[in-house]
Amino acid sequence: MSVPQGLGFLHAQDGPLPEDVAKKIVEQSNYRNVKLSMDYVSGRACKMVVWENDGKLEMRDSWHDHTDEQLKGLLSEFDILEPGKEHGCACNCSDCQAKRGQPS
């Protein structure tokens, strides 16, 4: 879902990320409570951080340079949202924003 941006076009590679490269990114990201940190990967602007808080994996409820639909698609791809569930950690509806103390 991430695409090359800026100088990322110089390093962009077609196709999926090789498994060995993905494993290396995860291994290098694992420090303190951060479990995954990606900025540009193979020229694509991934821009994502996943951290652990009280034994739960968390990320921001928005995905920089991606749409809310792309974030929902990512979460659904990994079965993070329950099937048929409309509200989850990535929901940006006014009710969910209010629960998090964010202005809608």
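Coordinate-derived values only; no laboratory data. As the structure is a computational prediction, the values presented were derived from the model and not from experiment. Cβ: placed from backbone, ideal geometry, glycine included. Neighbour counts: every protein chain shown.
The H on the amide N of residue 5, modeled in the peptide plane, is under 5 Å from the matching H of 45, each at least 5 residues off or on a different chain.
Counting Lys and Arg as +1 and Asp and Glu as -1 over every other residue whose Cβ lies under 12 Å from the Cβ of residue 61, the net charge comes to +2. The residue 14 and residue 97 beta-carbon pair, evaluated with R₀ = 41 Å, returns a calculated FRET efficiency of approximately 0.65. Converting phi to 3J(HN,Hα) with the Karplus coefficients 6.51, -1.76 and 1.60 and the offset θ = phi - 60°, the range 46-53 yields 7, 6, 9, 10, 10, 10, 10, 9 Hz in sequence order, with x at every glycine or proline.
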